[in-house]
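Read through the structure below, which is laid out as C-alpha cells, and then see the notes.
The values are calculated or read from the model by the stated rules, or taken from the named source; none is laboratory data. Predicted, not measured: the structure shown is a model, and the values here were computed from it. No Cβ is skipped: glycine too gets one built from the backbone with ideal geometry, and neighbour counts run over all protein chains shown. Accessible surface areas use protein heavy atoms only, side chains included; no ligands, DNA or RNA. Shrake-Rupley method; radii C 1.70, N 1.55, O 1.52, S 1.80 Å.
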Amino acid sequence: MSDVLKRIEEAVYNGDESIIVDLANEALKEGLGPQEIIDQGGVAALDRLGTDFDNLEVFLPELMIGGDCMKLLIETLVPYMEKGASAYKGKIVIGCAKGDLHDIGKSLVATQLSVNGFQVVDLGVDVSTNRFIDTAEAEKADILAVSSLLTTSQYYMEDLVKRLEQEGKRGKYRVAVGGGPINADYAKKIGADGYSRTAHSAVKMAERLMKIQPKEELVVELG
Ligand code: B12
C-alpha cells in the first residue's frame, strides 16, 4: 500500500486532525483517486477503531475524534470526485435510521448520488419513520434510502417498509437500505427494494432501482 495512504490511516486512527488536509493533498498529487484515499486511508482507520473499541482498547472520545478526521478528509476530497453523467436521474430522500448518529457513510452515499445526477434530500441523523414518509410525499421522491450502523436502529428500516404498506404508499417509492450490519439477506427479509455495500456501488444500485417498479426484485450491488 502507498506510504501516504498508510500515513492517512494512522492520522485518522490517532485523531491527528491538523495533518489531514496536507496528507489528502499529498495523496492527490501522487495521482491517487478520492475514493481510493477515503476507502484505503479513512475507512481502514475507522474499521480499526471499531475493532479496538469492541476490544476495549480505545474509547468513545477516540471514536469521536476519528470520525471528525474522516469528515475533514471527505470534505477535502469531495471537490475532486469525478462527476458522472449529470442528466437528472431521480429524487432520493436519505437519512440515518431513528436513534442512529453515524452519518459518515450516509453522507458519502448522498455525495456519490448527487455528483452522479440524483437530486438528494438529506435528512441527516436520527430520522423517524414519519419524517421519512412525510418528506417523500412532500418532495415527490422516487427512492427512500436509509442508513443504519447500529443493530438497535436497523429495526426502523423494517418499520418504514411496513408503514408504507399500511398507508397504501408502498407502490410509490423504492426503498434502499445500507450500513455496517445490513446485508442483502436482511434487505430481502424486510421487503426493501435495494441494497449496496458501498457508496460507490450505491449509484449503480439507484440507477437500476429507477428502472423497476417497487417490490419487483431486490437490486443488490456489492461494489
Ligand atoms: C466513527 C464511529 C462513531 C462516531 C460517529 C461519528 C459520525 N459523525 O458518524 C461516534 C463517536 C459518534 C460513534 C458513536 C457510537 N457508536 Co460508533 N462507530 C464508529 C465507527 C468506528 C466508524 C463508522 C464509520 O463512519 N465507518 C465508515 C463509513 C464510511 O462506513 P459505513 O458507515 O459502513 O458506510 C458505508 C457502507 O455501509 C455504505 N452505506 C452506509 N449507509 C448506507 C445507506 C444506503 C442506503 C446504502 C445503499 C449504503 C450505505 O456506504 C458507505 C460508504 O461506502 C464504527 C466501526 C465501524 N467499523 O463501522 C463504530 C460503531 C458503528 N459504533 C458502535 C457503537 C456501539 C457506538 C455507540 C453506541 C458507542 C457508545 N457507547 O456510545 C455510539 C452510538 C451513537 C448513536 N446513537 O448513533 C458499534 C455498533 C455496534 C452495533 N452492532 O450496533 C460500532 C460497529 C463499533 C463496534 N465495533 O463496536 N461512533
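Summary table
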quantity: Evaluation of Glu165 against (1) modelled with pLDDT of 95 or more; (2) buried (at least 16 other Cβ atoms within 10 Å of the Cβ); (3) not aromatic (Phe, Trp, Tyr) (one fails), failing number; calculated: (2)
quantity: Candidate set from region 133-144 (those that are open to solvent by 10 Å² or more (accessible area, probe 1.4 Å) and in contact with a strand residue (DSSP E or B) (Cβ under 8 Å, 6 or more places away or on another chain)); member that is farthest from the ligand (Cβ to nearest atom); calculated: Lys140
quantity: The listed residue being at pLDDT below 95, more than 12 Å from the ligand (Cβ to nearest atom), more than 18 Å from the chain's Cα centre (by Cα) and of a type in the set (A, V, I, L, M, F, W, C), out of Ala11, Ala85, Ala24; calculated: Ala85
quantity: Among the candidates Leu73, Leu63, residue that is under 11 Å from Ile20 (Cα atoms) and either assigned by TED's automatic domain parsing to the domain that holds Thr198 or open to solvent by less than 70 Å² (accessible area, probe 1.4 Å) (or both); calculated: Leu73
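Residues are listed down the side, and each one gets a yes or a no for (1) among the polar types (S, T, N, Q); (2) over 15 Å from Ile94 (Cβ atoms); (3) away from the ligand (no atom under 11 Å from the Cβ); (4) in contact with a helix residue (DSSP H, G or I) (Cβ under 9 Å, 6 or more places away or on another chain):
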position: Thr151; (1), (2), (3), (4): yes, yes, no, no
position: Asp159; (1), (2), (3), (4): no, yes, yes, yes
position: Leu164; (1), (2), (3), (4): no, yes, yes, yes
position: Lys169; (1), (2), (3), (4): no, yes, yes, yes
position: Val177; (1), (2), (3), (4): no, no, no, yes
position: Pro181; (1), (2), (3), (4): no, yes, no, no
position: Val203; (1), (2), (3), (4): no, no, no, yes
